[in-house]
Amino acid sequence: MTLSLDALIDQLKTGATASEVYGVAAPSSRSRATVVKVLDEAVEVLATEGVSGLSFRALARRCDMRLSNLQYYFATQDALLTAVTRHALASRLEELRDRGALTLPDLRERFRAYLDFRMDRSAAPRAQAITTGLKDLAQRLDGPAEYFAATCQFHIRSLADMVTAFSPDTPPETVAHKAVMIAGLIDAVGPICGKSYTPPEGLRAAILTQASEIAGL
């Protein structure tokens, strides 16, 4: 079952016990603040240097921490990278929630606002760099893969729900195919050919038109 937006954000930000933040044990307010600070810095590294910059030593220097203190919170590299993934994904979903795209009462406005948000993030260089890093981690590590997949499933389900609302009689298999096709169109906004590539003029408008046609507007 796909989680709601609020439930997914909560799952990403918490853990198995009440004392965890992003799956990291942090029983006090001070320790929680430390974990969030480290993860904020780690996401910045992901945006500017990529996955290769996320070493324990480099991150400890960046956070002005002893290596042993950093490893107190993150016992392994996998634990660190999983927490970074959860933090980055939760932040992106909180942006979506703050924009209120998925709560607009008019279905057409909701669909357009959701696509605008996704395409804004796909086109923004910093957001795209973070997404590229997260995809890299999700290809190599089970922890990041689990949470990245949950987020992807949420987005596909959101699109599928809107497609169903537009065309209630559409078979579930067709709805799923349409949702995946729209998701693929959204991803095409980003610099998929590298940072020196400029997407063709009118691409965004064309994607909106095509996505609307696929959805049955």
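The values are calculated or read from the model by the stated rules, or taken from the named source; none is laboratory data. Keep in mind that what you see is a predicted model, and the values were worked out from it rather than measured. Please note: Cβ atoms are built from the backbone with ideal geometry, for glycine as well, and neighbour counts cover all protein chains shown. Heavy atoms of the whole protein, side chains included, go into the accessibility calculation; ligands, DNA and RNA do not. Shrake-Rupley method; radii C 1.70, N 1.55, O 1.52, S 1.80 Å.
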_Set A124, A60, A79: member being over 13 Å from the mean Cα position of the chain (by Cα), over 24 Å from E20 (Cα atoms) and open to solvent by less than 50 Å² (accessible area, probe 1.4 Å)_ = A124
*asked:* Could you go through the stretch 41-54 and let me know if any residue there is surrounded by 18 or more Cβ atoms within 10 Å (Cβ to Cβ), closer than 21 Å to E146 by Cβ, modelled with pLDDT of 95 or more and out of contact with any Pro (no Cβ under 9 Å at 6 or more places or on another chain).
replied: yes
*Identify all residues within the stretch 111-146 that are at pLDDT 95 or above and among the hydroxyl-bearing types (S, T, Y); write none if there are none.*
Y114
*asked:* Restricting to the stretch 167-197, count the residues that are of a type in the set (D, E, K, R), at pLDDT 90 or above and under 17 Å from Y114 (Cβ atoms).
replied: 1
*When you scan the stretch 90-103, how many residues do you find that are open to solvent by 10 Å² or more (accessible area, probe 1.4 Å) and assigned to a helix (DSSP H, G or I)?*
9
_Residue satisfying condition, being at pLDDT below 95, on the phi < 0 side of the Ramachandran plot and not in a helix (DSSP H, G or I), within set L208, L217_ = L217
_So for the stretch 173-189 (the condition being outside any helix (DSSP H, G or I), open to solvent by 40 Å² or more (accessible area, probe 1.4 Å) and over 24 Å from A127 (Cβ atoms)), does at least one residue qualify?_
no
*Some residue of the stretch 131-151 being more than 30 Å from E44 (Cβ to Cβ) and either of a type in the set (A, V, I, L, M) or open to solvent by 50 Å² or more (accessible area, probe 1.4 Å) (or both)*: no
*Which of (1) surrounded by 15 or more Cβ atoms within 10 Å (Cβ to Cβ); (2) without any contact (Cβ under 8 Å) to a residue 60 or more places away in the chain; (3) hydroxyl-bearing (S, T, Y) is the odd one out, the single condition T85 does not satisfy?*
(2)
*Of all residues in the stretch 6-24, which are farther than 14 Å from H87 by Cα and modelled with pLDDT of 95 or more?*
D6, A7
